[in-house]
1. What residue, of 210, 154, is touching an Asp or Glu at 6+ places or on another chain (Cβ under 6 Å), buried (at least 24 other Cβ atoms within 10 Å of the Cβ) and either within 21 Å of residue 58 (Cβ to Cβ) or among the basic types (Lys, Arg) (or both)?
2. Is there any pair linking a residue in segment 169-195 that is acidic (Asp, Glu) to one that is in a loop (DSSP other than H, G, I, E, B), with Cβ under 9 Å and at least six apart or on different chains, and which?
3. Restricting the search to segment 237-282, which residues are within 22 Å of residue 457 (Cβ to Cβ), surrounded by fewer than 19 Cβ atoms within 10 Å (Cβ to Cβ) and not β-branched (Val, Ile, Thr)?
4. Condition (residue is buried (at least 17 other Cβ atoms within 10 Å of the Cβ) and small (Gly, Ala, Ser)) applied to segment 92-102: is it met by at least one residue?
5. Quick one: residue 294 ticks every box in (1) β-branched (Val, Ile, Thr); (2) over 25 Å from residue 370 (Cβ atoms); (3) modelled with pLDDT under 95 bar one, so which box is it?
6. Failed condition for residue 50, given (1) touching a helix residue (DSSP H, G or I) at 6+ places or on another chain (Cβ under 8 Å); (2) surrounded by 15 or more Cβ atoms within 10 Å (Cβ to Cβ); (3) not aliphatic (A, V, I, L, M), with all others met?
7. Say whether the condition of being over 20 Å from residue 265 (Cα atoms) and at pLDDT 95 or above is met by at least one residue in segment 439-449.
8. Does segment 197-253 hold any residues that are charged (D, E, K, R), part of a helix (DSSP H, G or I) and under 20 Å from the mean Cα position of the chain (by Cα), and which are they?
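The values are calculated or read from the model by the stated rules, or taken from the named source; none is laboratory data. All values reported here derive from a predicted model rather than from experimental measurement. Every residue, glycine as well, gets a Cβ built from its backbone with ideal geometry; the counts of neighbours run over all protein chains shown.
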Amino acid sequence: MTGSLLTECKNLIDGEWCSSSNGKNSDVINPATGENIARIPYSSKEDVHSAIDAARKAFDDGGWRKSPVSERSAILMRLADLIEHDRDRLARLETINTGKSIKQSSNYDLPYLVDNIRFLAGAARNIEGKAMGEYVDEGTSAIRREPIGVVGVITPWNYPLMMVVWRAVPALLMGNTVVLKPASYTPLTTLEFGKLAQIAGIPRGVLNIITGPGPEIGEEMARNSQVDMIAFTGSEEVGRKLSSYGSASLKKISLELGGKAPFVVFKDARLPAAVEGAVVGGLVNNGQDCANSTRYYIHEDMVDEFESKLIEKLKEVKIGNPLDHGTDMGPLISSAHRKRVEDYIKLGMEEGGLLKHGGFEPKIEGCEGGFFISPTVIRTENEESRIVKEEIFGPVYTILSFTDYDDAIRRCNDVIYGLGASVWTSDMNKALHAVRDLRFGTVWVNEHVVVPSEMPWAGYKHSGHGASLSSYSLEEFTNIKHVYFDVSGAVRKKWYYQVFGSER
C-alpha cells in the first residue's frame, strides 16, 4: 500500500483545474498506513471568492437554471453511468483515502450512490405539489418551484463521495449552481467526481470544487452574501457556527449533524438476529457513521446473554488492510480521531463503566502506521455518562439494561440527537408504538442503517434539519413561488371597492 496515487491535485473553478492562488498545498494521508498519498490545494479566501463568483455568474446567466429539467436529468444520468463504469477504481480510491473496507466501498457505497443519482435524476422530472386551481372566483393559482441560487455544499470525511451525491446532486438537478468543499482528510473521490461531471456535460461554473482548511473556507462561504444557501453534513459544533455565520445574510441552512442511535432489544426479540444486527450497526464504516448504533438498551432479563453473544461475534471481526477483501474493519480516519475514541473509552470506565471487550490498538502487518482500534464493549448503568450522551463516532458498544417499555423509550429519547434508532421485537403492536414514541428521523424495526434512495434521511433536535435522499431532498433546494392568473377579464374586479370606490 505504498506509493503516490495523485502527486498534485487542483481546484475546479469556472470549468478550469487550477492551483491555489497562494501556492500552498497540504498532504492527504492514507489512514491504513500513515503515508502521504496526495497533495491538495490549501485554498485561500481569494480562491473561495473566485469559485463563488463563477457559480454566481453561471446562475445569473441562466443557462443551467433555465434549461429543461429533462436536460439536467440526462446529464446527471450520464454521470451515474460514468461512475458505475469507473466504480472499481473509485471504490479503491475511496478505501485508500478513508480506510473503510474495500468490500463496503465496492459492494455498498458505489452501487448505492449510483442508485441515489439515478433515483434523484428521475424524481426531479416529477416534482409534485398543489394542483393549479381556482381558490378565488376571479382567478387561478399555481405553484412554481425554482432554484435558490448559489449553494455552498460542505461534505464530511466518512462518506466523501456519497455525501457529494446526497447534497450537491439534488441542488444541481433543481437548477442551482454549486461551490463544493470536501473534507480535507478525504477529497480525492470528490475531485474525481468533478472530472466525471465535466465529461457528463455539466457546464462551466455550475459545479466548482475547492479544497483547503474547513474553518476558513466554510466561514467565508457561510458569510458571503453571494451564496444563497449552505448544505452541510458534519458535526453539531460546525453546524452551529455555519448557522451563526449565515444569519447575517439570512441564507437558508440545511444541516445533517450528529447522531447517538439507540438499539433497543425487547424481551420478545429474536436474540440471534438482534446480535447480528448489532455487530453490523456498530461497525458500519468502521464505526464512523452518524447512524451507527451506539447505545444498546437490552431488557434486563436478557442483557447478560446479549452481551456474551455480541462479544463472541466481535471476536470474529477481521481487522486489517482495508484493501483486502477479507477485511471486515479498517482503521479510523486519523491519529487524532483514534485518540478521541480512546479518550471516550477511558472516560466511560472512569464514569463507572466496565470494559468487557476490546479497547486496544491491534497491530496489522503491512499497516504498522495505520490508525486501527479494536471494537470495544463497555457495560454501564450510568445513564449520565458521557459515553451514553455524546457522539463518539467510533466502534464503541455501550450496553445498558432497561426494565419495561416506558423505561426504554424515555432513556432512548433522553439525548440531544435524533437521527436514527432501531427496535427489535416480535410484537408488531409494540413496534408501532415505538415508531410513534421515538423522537428520531428514522426508526428501523428489526434492522439498522438501511435507507433506500426513495426515503428521506433527516434529523430531529440537534441532528439538524432538512432532508437528504428522496424527493424531499430535491424540494430542499428550491424556493416556492405562487403564481396568480386573472381569468375574469374584468377591468374592475369585484373586490377593488375594499381599497377605493364603492361596491357595485
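1. So the residue among 210, 154 that is touching an Asp or Glu at 6+ places or on another chain (Cβ under 6 Å), buried (at least 24 other Cβ atoms within 10 Å of the Cβ) and either within 21 Å of residue 58 (Cβ to Cβ) or among the basic types (Lys, Arg) (or both) is 210.
2. 192/86
3. Residues satisfying the conditions are 237, 240, 243, 252.
4. Within segment 92-102 (the criterion being buried (at least 17 other Cβ atoms within 10 Å of the Cβ) and small (Gly, Ala, Ser)), the answer is yes, since at least one residue qualifies.
5. (2)
6. (1)
7. Checking segment 439-449: not a single residue is over 20 Å from residue 265 (Cα atoms) and at pLDDT 95 or above.
8. Correct list: 219, 236, 237, 240, 241.
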